[in-house]
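Undergrad: Handing you a structure now.
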Amino acid sequence: MISEVFEPRLQLGFFEPGLLVGILTTPGIVALLISQHLRPWETPVRMVGAIALLWTLVGGIAAIWTAPLVALGAAGIGMLLSLLCYRWLWNYCVAAHIMIAASALTLFFGLGWGITFLQSLPISGLTRSLIFWNLGLGLLTLPLGIVTFLPSQAYVLRKRWHRPRRSLDPVPRDRYPKVSFHVPCYAEPPDVVCATLDALNQMRYPNFEVLVIDNNTKDPNLWRPVEQYCQQLGSKFRFFHVDPLSGAKAGALNFALRHTAAAAELVSVIDADYQAQPDFLERLVGFFDDPTIGFVQTPHDYRGWQHSFYQRACYWEYMTFVRLQLPALSEWVASFVIGTMCIVRRQALEQGGGWAEWCLTEDSEVTIRIHALGYQSIFIPETFGRGLIPENFRGYKKQRLRWTIGPIQQIQQHWRLYLPNPLALPSKLTFWQRILESDHSWGAMQPMIALLNLPLGIATLVSIIYHQEVIEIPPIFWVATVALLPAGLANIWLTYHLLGCDRWRDIAGAILASASLGYVKLAGSVLAWRWWQPMPWRRTNKFKALPDRLKAWNAVKPELLTALLFIVSSGIVAPYAHYNPPDFLCLVAIGLFLAGITSLAAPLMTLLAEADLR
């Protein structure tokens, strides 16, 4: 029965058996990853045995379904590549070795299969050309994806780390370099800021000052109490109210830098709502005994989120980046400053020219210039302070808009630094710093790139409908669906398990939160190119939010319209599709409908936030 189902595919040559082998390794790879993280078991003998067993099993299954010689040959090549990876990439787990080999096979055989399959279709020349153009444009991002594959997945694939991942034990020091805390404020609740200052006052470190810079707050009832509280706390605390002051948060930080004590060697930025732990300095300052260290960063973390499903969803969505991905990038000295709970060497900051007032992410932007000067950096994945999560969806969106536009502004300004030598501007950026910094900005641009491809996709659909073409879905698509869907769900669980989140309800909430940001990421990736009218820096509101259904629904109008557009488009395509068996237009109609449902994640998050506020 199985051989009958796959019989038509044998006409496509040897590409399909190799592609099938690559696909069928995925469940085994995920199973190995999960077993390794739950209970480490790897020894040299077991690793080689796992490689041989998985490839033999996959090759045997594929040989039953397709051309045996090609399937077994592809499995043999995969086994050889995995063993070579085991020999060369000893810092990575066995699942990584197999994944690299399987990815190489899937790429090679997949491209060959795709080209052969498209050439065999009974379609018009126009449709074929449009499909090839779509395929070609989709492959443009492939080289960067291949190069950044290991660093981007290192948090789950790597088993040995060489750079620091733990803070230092507090020990008496002969010398305590002076640290200047900079706390920028704009129209903040006085009680929130005072709690932040209380936490800094408890710091177990003998040599620090605190500069509070309130910029452009019009209401004296907001900044006067903070000024008075700084006076009560003593001479270590200095308060500045500056109005007008340009440059938003970066302008305030540059003002603070100009008024920093001459003896201060280190600068620490603390957001107005972040309550730092008393051991923040005593556990991190020691890293600066190495004169090459330019900054040390610790993760964002939050308080008061456990009681609310909405805030738990936001919290776990945040954590995948700051707890897993950024610490992994530190292995390549490519993590970056993320705005608060960081310590920066003053000399490096001043050499780099201070904070960029033109960039919405002045924090990650300054990282580029510090690294370009040749300084190293460290990301320590330990919590040393907690802030507040936006209580309504408007604040959550506003924050992500800023985090999307900023990285694109960075590559617009610094792209010459990322070019290969000798085309690049002179700098001390390493190969990996250039690549991974480019990837940071490139990732923010992906929604805009997809939007630019939209006209080509629409033209392809119109051509298929106009020519009344039926493109049947090849059986290997369904095999891939069956193999990849459960493996993908298991991998999602593993990712959140590494964060300490094991409840499926919270994992589903994090996925919902991520999906709800699709439109704002698209908007940010487009608005970043509006040079003639740059986006203003908008702070995240720290005041207690009040329920406001009208504002809440106005904030998600674009997502509601997007959902309607996708669902209507699905309805337009659906009458032209064939369903028994399903064809390409059937999948398009289903995909458009699901995209519409996904766009409703933003209104749903709004409802959840408003329900909490009531």
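Undergrad: Give the residue list of trypsin sites (Lys or Arg not before Pro) in the stretch 515-557 that are DSSP loop and have at most 11 other beta-carbon atoms within 10 angstrom.
TA: Taking the stretch 515-557 and a limit of 11 other Cβ atoms within 10 Å, the loop trypsin sites (Lys or Arg not before Pro) found are Arg530, Lys544.
Undergrad: Suppose R0 equals 22 Å. What FRET efficiency, 1/(1 + (r/R0)^6) with r the Cβ-Cβ distance, do Lys159 and Asp289 give to the nearest 0.05?
TA: Here the calculated transfer efficiency is 0.15.
Undergrad: Continuing with the same structure: Sum -39500 (n - 2.57) across every DSSP H segment of at least 4 residues in the chain, then divide by the residue count to get the 222 nm mean residue ellipticity, nearest 500.
TA: Estimated from H runs of four or more residues: -19000 deg cm²/dmol.
Undergrad: Now for a different question. Long-range amide H contacts for Gln376: which residues qualify at under 5 Å (H placed 1.01 Å from N, peptide plane, sequence gap of 5 or more or a different chain)?
TA: Here the answer is Ile293, Gly294, since their amide H atoms fall under 5 Å of that of Gln376.
Undergrad: As I understand it, the value is the acute angle between the Cα axis of helix 248-258 and the longest principal axis of the Cα atoms of the chain; what does it come to in degrees, rounded to 10?
TA: 50
Undergrad: Tell me, in nm to one decimal, what length is gained between Leu57 and Leu565 on full extension, where the rule is 0.36 nm per residue of separation less the Cα-Cα distance?
TA: The Leu57-Leu565 span can extend by a further 178.3 nm.
Undergrad: Here is a follow-up. Around His307, with a cut-off of 12 angstrom between Cβ atoms, what is the net charge of the other residues, counting Lys and Arg +1 and Asp and Glu -1?
TA: Once positives and negatives cancel, what remains is 0.
Undergrad: Per residue of the stretch 71-85, in order, report the coupling 6.51 cos²θ - 1.76 cosθ + 1.60 (Karplus, θ = phi - 60°) as ³J(HN,Hα) in whole Hz, putting x for Gly and Pro.
TA: Computed from phi, the couplings for the stretch 71-85 are 4, 5, x, 5, 5, x, 5, x, 5, 5, 4, 4, 5, 5, 5 Hz.
Undergrad: Right, another one. Which far-off residues, 5 or more places away or on another chain, put their amide H under 5 Å from the one on Phe208, with H placed in the peptide plane?
TA: Val179
Undergrad: What distance in nm lies between label points placed 7 Å from Cα along the C-beta direction at Thr383 and Ile492?
TA: 2.4
Undergrad: What is the angle, in °, between the Cα long axis of helix 504-516 and the longest principal axis of the Cα atoms in the chain? Nearest 10 is fine, range 0 to 90.
TA: It is inclined by approximately 90 degrees.
Undergrad: Treating only the Cβ atoms of Lys and Arg (+1) and Asp and Glu (-1) as charged, compute the dipole magnitude of the chain about its Cα centre; round to the nearest 20 debye.
TA: That gives the chain a dipole magnitude of about 660 debye.
Undergrad: Considering only Gly591, Ala611, Phe14, whose Cα is most displaced toward the positive end of the charge dipole of the chain, charges sitting on Cβ of Lys, Arg (+1) and Asp, Glu (-1)?
TA: Of Gly591, Ala611, Phe14, it is Ala611.
Undergrad: Sticking with this one: Need one number: nm distance between label points at Thr481 and Leu139, each 7 Å from Cα along Cα→Cβ, rounded to one decimal.
TA: In this crude spin-label approximation the distance works out to 2.6 nm.
Undergrad: What lysines does Lys218 reach when the alpha-carbon gap must be under 29 Å and sequence neighbours fewer than 8 apart in one chain are set aside?
TA: Partners found: Lys236, Lys249, Lys397, Lys398, Lys542, Lys544, Lys551.
Undergrad: Compute the angle between helix 15-38 and the longest alpha-carbon principal axis of the chain, please, reported from 0 to 90 degrees and rounded to the nearest 10.
TA: So the helix axis and the longest Cα principal axis differ by about 40 degrees.
Undergrad: Trypsin sites (Lys or Arg not before Pro), restricted to the stretch 249-335: which are DSSP loop and have at most 16 other Cβ atoms within 10 Å?
TA: Arg303
Undergrad: Here's something else I'd like to know. Can you list the residues, at least 5 places off or on another chain, whose amide H is less than 5 Å from the amide H of Cys185, using H built in the peptide plane?
TA: Distant-sequence amide H within range of Cys185: Ile213, Asp214, Asn215.
Undergrad: Let me ask something else. Pop out the ³J(HN,Hα) list for the stretch 277-292 in order, Karplus 6.51 cos²θ - 1.76 cosθ + 1.60 with θ = phi - 60°, rounded to Hz; leave Gly and Pro as x.
TA: 7, x, 9, 3, 6, 5, 9, 10, 4, x, 4, 7, 5, 7, x, 8
Undergrad: Further, regarding this structure: Which distance in Å, rounded to a whole number, links the C-alpha centroids of the stretch 64-138 and the stretch 519-583?
TA: Using only Cα atoms to place each centre, the spacing works out to 35 Å.
Undergrad: Same structure again: Treat each spin label as a single point 7 Å out from the Cα along the C-beta direction, and report the Ala459 to Asp548 distance in nm.
TA: 4.5
Undergrad: Let me ask another. How would you rank Tyr418, Tyr576, going from fewest to most other Cβ atoms within 10 Å of each one's own Cβ?
TA: Final ranking by Cβ density, sparse to dense: Tyr576, Tyr418.
Undergrad: In the stretch 144-177, which chymotrypsin sites (Phe, Trp or Tyr not before Pro) fall in coil by DSSP and have 16 or fewer other Cβ atoms within 10 Å?
TA: Trp161
Undergrad: Would you be so kind as to identify which of Gly78, Trp55, Leu32 lies farthest towards the positive end of the dipole of the stretch 2-120, taking Lys and Arg as +1 and Asp and Glu as -1 on Cβ and the Cα centre as origin?
TA: Selected residue: Leu32.
Undergrad: Right, next: Have a look at Ile368, Phe240, Met445 and report the one farthest towards the positive end of the charge dipole of the chain, computed about the Cα centre with Cβ charges (Lys/Arg +1, Asp/Glu -1).
TA: Phe240
Undergrad: Can you give the FRET efficiency to the nearest 0.05 for Leu121 and Ser152, using r as the Cβ-Cβ distance and R₀ = 45 Å?
TA: The value I calculate is 0.85.
Undergrad: On to the next question. I'd like the distance between the alpha-carbon centres of the stretch 207-261 and the stretch 404-418, rounded to an integer number of Å.
TA: The stretch 207-261 and the stretch 404-418 have Cα centres separated by 30 Å.
Values quoted throughout were computed directly from the atomic coordinates according to the rules given, and no laboratory measurement underlies them. Keep in mind the model is a prediction, meaning the values are calculated, not measured. Neighbour counts run over all protein chains shown; Cβ positions are idealised from the backbone, glycine included.
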